[in-house]
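The values are calculated or read from the model by the stated rules, or taken from the named source; none is laboratory data. Since the structure is predicted, the reported quantities are computational estimates derived from the model, not experimental observations. Note that we place each Cβ from the backbone using ideal geometry, even for glycine, and neighbour counts take in every protein chain shown.
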Amino acid sequence: MWDLGMTIEVETPAVGGLELVVARLAEWQVDGGAVQLHPGDLGWFWRYGAEQTAAAVRTWARDGELLAVGMLDEPDLLRVAIAPGAQEDEELARRIAADVADPAAGVLVEGKVYLETPNDSRVRDLLFVAGWELDDPWQPLERDLAEPVEDSGLAVEIVTAETAAVRVGVQRASFDGSTFSEERWHAMAGGTPYARARCLIGRDAAGEAVGAITVWSAGKGRPGLIEPLGVHRNHRGHGYGRAMTLAGAAALRELGASRAQVLTPCFNEGAIATYRSAGFELLPQRRDQYRKA
Ligand SMILES: CC(C)(COP(=O)(O)OP(=O)(O)OC[C@H]1O[C@@H](n2cnc3c(N)ncnc32)[C@H](O)[C@@H]1OP(=O)(O)O)[C@@H](O)C(=O)NCCC(=O)NCCS
């Protein structure tokens, strides 16, 4: 469709290549920059194991320099981060646009497919021209971490191998259809991004685990990510969601993050209200692009 040079190629990394992918994704998280795929997204995906994580990643590089990283959340959904200096890069944009549109490129499948890219990146323009449409809106939110975070008021502890089962239990009681398991928690905790992450659970006065959150730092002075937050369905409406969010934000601050960020579908009004009550502000909404079947 477009006149393409051959200097940029899409690749799937080996497991050993994931460390570099995670490092670049972290570097691309910058204050004031686009909210985009975060090392924590890869870290959360890592619960399926390193091999499956590597198999879900696509990279675009020029002369050995990574310019964009995609992660297939599903075979029909690719989430892409682009190096801040390359978001307007015409050759890169054309290469990505061509690769996501061509099932033979080994990126997305045939039929209806979805693509998340940073707002304002050039590839979005090209796909609009090619007839791709906008999907439902997502709401990014963030809280600045320059100042200390107020106390959550809840008994919060860091999840360890010994309490992984409790963490898993809260996840399964928070998200319908969750497939999280102890084995998956250990796979996640063994992943490269988890070295800068923290999993927390909160307990009520009776000692029962009521909420959980996992937060991912991208390093000092960079935005960190909440993924995921959940409150046990039997314990909602008591301020635990707000408390876990505050505890997660405080943990991110300890890990050196400049701000805490999170993304949730706009229809998830409860989540948006919860983050706002924990001091998060709305950022411009974002929408995936999709190609009709
Ligand atoms: C979203 C969730 C964490 C909220 O947990 P919670 O413990 O019930 O929330 P809280 O009691 O702390 O409520 C915090 C604020 O959000 C509001 N809120 C919570 N759920 C709400 C809902 N469904 N609709 C509207 N407002 C809601 C509360 O009124 C409260 O507002 P206030 O501070 O102004 O009084 C919980 O519903 C959940 O786990 N949902 C499923 C998983 C999920 O969606 N996670 C977030 C995705 S990223």
Number of the exception - residue 146 against (1) of a type in the set (A, V, I, L, M); (2) surrounded by fewer than 13 Cβ atoms within 10 Å (Cβ to Cβ); (3) within 16 Å of residue 232 (Cα to Cα): (3)
Checklist (1) within 29 Å of residue 34 (Cα to Cα); (2) more than 15 Å from the ligand (Cβ to nearest atom) applied to residue 160, failing item: (1)
Conditions (1) of a type in the set (Phe, Trp, Tyr); (2) under 21 Å from residue 263 (Cα atoms); (3) surrounded by fewer than 18 Cβ atoms within 10 Å (Cβ to Cβ); (4) not assigned by TED's automatic domain parsing to the domain that holds residue 216; number of the one not met by residue 114: (3)
Residues located in the range 219-248, provided they are in contact with a Lys or Arg (Cβ under 8 Å, 6 or more places away or on another chain) and over 17 Å from residue 141 (Cβ atoms): 219
All strands (runs of 3 or more DSSP E) inside the range 180-251 with 2 or more residues being within 12 Å of the ligand (Cβ to nearest atom): 209-216, 223-231
Tabulated pairs, the range 145-173, first closer than 21 Å to residue 241 by Cβ, second of a type in the set (D, E, K, R) and part of a loop (DSSP other than H, G, I, E, B), C-beta under 9 angstrom, 6+ apart or interchain: 154/204; 155/204
Residues of the range 110-127 satisfying the condition of being hydrophobic (A, V, I, L, M, F, W, C) and either under 13 Å from residue 89 (Cβ atoms) or part of a strand (DSSP E or B) (or both): 113, 115, 123, 126
For residue 180: the one exception among (1) on the phi > 0 side of the Ramachandran plot; (2) buried (at least 19 other Cβ atoms within 10 Å of the Cβ): (1)
Only listed residue being surrounded by 24 or more Cβ atoms within 10 Å (Cβ to Cβ), under 16 Å from the mean Cα position of the chain (by Cα) and touching a residue at least 12 places away in the same chain (Cβ under 8 Å), chosen from 231, 215: 215
Residue, nearest to the chain's Cα centre (by Cα), within the range 252-285, restricted to residues that are within 11 Å of the ligand (Cβ to nearest atom), of a type outside the set (Val, Ile, Thr) and farther than 21 Å from residue 202 by Cα: 263
Residue 176 within 30 Å of residue 110 (Cβ to Cβ) and within 9 Å of the ligand (Cβ to nearest atom): yes
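Take the range 219-252 and flag every residue that is hydroxyl-bearing (Ser, Thr, Tyr) and in contact with a Ser or Thr (Cβ under 7 Å, 6 or more places away or on another chain). Please lay out each step first, then the result.
Taking the range 219-252 first, the residues hydroxyl-bearing (Ser, Thr, Tyr) are 240, 245.
Once the filter is applied, which keeps residues that are hydroxyl-bearing (Ser, Thr, Tyr) and in contact with a Ser or Thr (Cβ under 7 Å, 6 or more places away or on another chain), the range 219-252 yields only 245.
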